[in-house]
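S.K.: Pasting a structure below so you can have a look.
The values are calculated or read from the model by the stated rules, or taken from the named source; none is laboratory data. Computed from a prediction, not measured in an experiment: that's the story for all the values here. For neighbour counting, all protein chains shown are included, and Cβ atoms are generated from backbone atoms with ideal geometry for every residue, glycine included.
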Amino acid sequence: MTGKGHRISTFAFVLGATGSPLAATFSFLGSTFPDSSEYVFFGKRRNRYHRRWTHWFIPWLVMACVCFERSGWIVPRLAALVDGTNAHYDVWSCAGFWLMGCVLHILEDAWCGTVPFLIPWKRSVGMHVFHMAKARGEMSRGEKNFVFCCAGISFVAFMFRTFTLRSFADLMLTLWRNI
């Protein structure tokens, strides 16, 4: 996937799953790191090692779980970060969501190719649900559809998180009384 596709779908997925714009922002920031780190580690030989060690999900997932464990499995709160009350839990949570962005990057890459599963130098898991565009950095029609579906499903999930059944019933009763 392109960087744009990774960022949009990761932000939407985490926002829909957690309801937290802060968690979604940190996942957004980590969503392109597995590809970016290849430039740091491999330089011009990046394409030779693409989707190998940096796309092995196990270290990213372990580090994310360690961060979430240190945070007490909370979703980060901006107010706690600003006023400093138990902010270390929220900092660990932000780090966990940044690493979760890396994990989601790898899962998204598995939709349009293969990534390592148990052996980091062998790409063995994945499928070609859509193909990439020929031009570098351009989103193909399949990728656009994938990102649009991820964002749409996540938006619906986010709306259901904000509108509980009780608030929906109250809204319907208010509308009924005012008709």
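S.K.: Please determine, by comparing only the residues of segment 21-51 that are modelled with pLDDT under 90 and hydroxyl-bearing (Ser, Thr, Tyr), which one is nearest to residue 159 (Cα to Cα).
M.R.: Per the criteria, the residue is 36.
S.K.: Mind listing whichever residues of segment 126-162 are more than 19 Å from the chain's Cα centre (by Cα) and among the β-branched types (Val, Ile, Thr)?
M.R.: Hit for segment 126-162 is 162, nothing else.
S.K.: Would you mention how many residues in segment 59-74 are in contact (Cβ under 8 Å) with a residue 40 or more places away in the chain and surrounded by fewer than 18 Cβ atoms within 10 Å (Cβ to Cβ)?
M.R.: 1
S.K.: Among the residues of segment 111-129, which ones are surrounded by fewer than 17 Cβ atoms within 10 Å (Cβ to Cβ) and either in a strand (DSSP E or B) or not charged (D, E, K, R) (or both)? Step through it out loud before you land on a result.
M.R.: Our first condition is that a residue be surrounded by fewer than 17 Cβ atoms within 10 Å (Cβ to Cβ); within segment 111-129, this holds for 114, 117-122, 124-125, 127-129.
Residues satisfying the conditions are 114, 117, 118, 119, 120, 121, 124, 125, 127, 128, 129.
S.K.: Here's something else I'd like to know. If residue 106 passes every condition in (1) under 25 Å from residue 25 (Cβ atoms); (2) among the β-branched types (Val, Ile, Thr); (3) modelled with pLDDT under 85 but one, which one does it miss?
M.R.: The single condition residue 106 does not satisfy is (3).
S.K.: Just wondering, is there one or more residues in segment 53-75 that are closer than 21 Å to residue 5 by Cα and part of a loop (DSSP other than H, G, I, E, B)?
M.R.: Yes - at least one qualifying residue is present in segment 53-75.
S.K.: Go through (1) exposed (fewer than 15 other Cβ atoms within 10 Å of the Cβ); (2) of a type in the set (Lys, Arg); (3) in contact with a helix residue (DSSP H, G or I) (Cβ under 6 Å, 6 or more places away or on another chain) and name the single condition residue 7 misses.
M.R.: Among (1) exposed (fewer than 15 other Cβ atoms within 10 Å of the Cβ); (2) of a type in the set (Lys, Arg); (3) in contact with a helix residue (DSSP H, G or I) (Cβ under 6 Å, 6 or more places away or on another chain), the lone unmet condition for residue 7 is (1).
S.K.: Continuing with the same structure: Could you grab me the full set of residues in segment 113-130 that are under 12 Å from residue 59 (Cα atoms), out of contact with any strand residue (DSSP E or B) (no Cβ under 6 Å at 6 or more places or on another chain) and not aliphatic (A, V, I, L, M)?
M.R.: Within segment 113-130, 120 is the sole residue that qualifies.
S.K.: I would also like to ask the following. Considering only segment 98-106, I want to know if a residue exists there that is free of Cβ contacts under 8 Å to residues at least 40 places away in the same chain and either small (Gly, Ala, Ser) or under 30 Å from residue 80 (Cα atoms) (or both).
M.R.: Within segment 98-106, none of the residues are free of Cβ contacts under 8 Å to residues at least 40 places away in the same chain and either small (Gly, Ala, Ser) or under 30 Å from residue 80 (Cα atoms) (or both).
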